[in-house]
1. With springs only between Cα atoms under 10 Å, which of B:130, B:215, B:63 fluctuates most in a Gaussian network model of chain B?
2. Where the Cα atoms of chain A are projected onto their three principal axes, how long is each span, largest first, in whole Å?
3. When only alpha-carbon atoms are used, what values of Rg and Dmax, in angstrom, describe the protein assembly as shown?
4. Dividing the Cα convex hull volume of region A:1-130 by residue count, how many Å³ per residue is that?
5. Quick one: compute the contact order of region B:119-225, relative version, from alpha carbon pairs under 8 angstrom and 6+ residues apart, as a percent.
6. Can you give the FRET efficiency for residue A:14 and residue B:38, using 1/(1 + (r/R0)^6), R0 = 45 Å, r = Cβ-Cβ distance, to the nearest 0.05?
7. Just need the Rg to Rh number for region B:54-104, please, alpha carbons only, Kirkwood Rh.
8. Which FRET efficiency value, to the nearest 0.05, is calculated for residue B:223 and residue A:215 with the Förster distance at 51 angstrom and r the Cβ-Cβ distance?
């Protein structure tokens, strides 16, 4: 049975390219595992969606009898038994996966949620004052500086490219998209190196095609066609 | 060789009871694995600390040849082969571990960092306006409401008590300490149920004793004794 990846039915422009289904598409492209995409409504959340994912988030993966959410857990599940989660380096890869999602992403989201509130208050709430956002940026930059030092001259976080790199690069792309990665040249190179992978490029192309198709469906519905 | 758990040498009152070494102490008490505690300076960070943990955080575990950071990765490592990470339920436990650390904790820390800034601006930066904090609280409460629904009438997140419960309860205790858990009675019961475990009580007692001993050492140093 083919694995099914759930993402949203439609979203406005700003989150496109950054929805967390991309992490899962990327690992699926790396491993060559076939999959199909299905959707849940973004607004409002549906009972069917909440039955699969109590927090109303995506991605969700249905793999045979298994229904699984949380991108970190999905990356571990799909990486299992592949070179993306090698048994010989399992603990270190897991460490960096959690570093991506519990240390770096937590810090990045604290800042970027504030930044996005200045542009999209309907989604992200009233914008904090500049001095508050600036403090959050400095806290995030301390994490990025430490990450850059830890990466050093290495290509990847563990010996080879793994699910930890997929998670970390996906977090860093958010920072880059808001213009805050440039002062960390080794992290810029790291993101660029990852983005050159054909699996990333296929995943991103499919992800963006999904939103274009959603636009077309939406336009057809709205014009009554 | 005995496992070594690193925490900070001393901290002011407010974070005591919530430093992330507690999660690791708890799982070690649950599994009965012997360990010793060593420290790194909290302020300023030392080169030795940053060599073990690039982000300058705790906990760090040294287990034979393995040096490991990130509480999520440490919980998985220490739970491996025990009833706290059962092979039969591994994927679901991993899912809830990531839900604790990447969904619930991310939302809780976004809010609580703002709340703490109103009391400790030297540590947490300039406090946001009330309306900003209130929005973050509502976003967090949506996650807590979803968690309460997902837990339903069950005692634990998976079939039995696991590392996912340790992580989730440690996150919820932060919410409780700021008076924001009371409107989720099933989550209050969940935290209380976990806190009744002798392993938690031993871990917390040792954790608090560590800070009292640190106070005594500090007082002795400052009075020149």
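None of the figures in this text is laboratory data; all of them are computed from the coordinates on show. None of these values were measured; they are calculated from a predicted model. We place every Cβ from the backbone using ideal geometry, glycine too, and count neighbours over all the protein chains shown.
1. The residue with the greatest mean-square fluctuation here is B:130.
2. Its Cα atoms span 55, 48, 30 Å along the three principal axes.
3. Cα-based Rg and Dmax for the protein assembly as shown come out at 21.8, 86 Å.
4. Numbers: hull volume 16.0 nm³, N = 130.
Per-residue hull volume (Cα only) is 123 Å³.
5. Working: 33 pairs, mean separation 19.7, N = 107.
So the answer I get is 18 percent.
6. Working: r = 46 Å, r/R0 = 1.03.
Taking R0 as 45 Å, the efficiency between residue A:14 and residue B:38 is 0.45.
7. Values: Rg = 12.1 Å, Rh = 12.0 Å.
When Rh is taken as the Kirkwood radius, the ratio is 1.01.
8. Details: r = 71 Å, r/R0 = 1.39.
Using R0 = 51 Å, I get an efficiency of 0.10.
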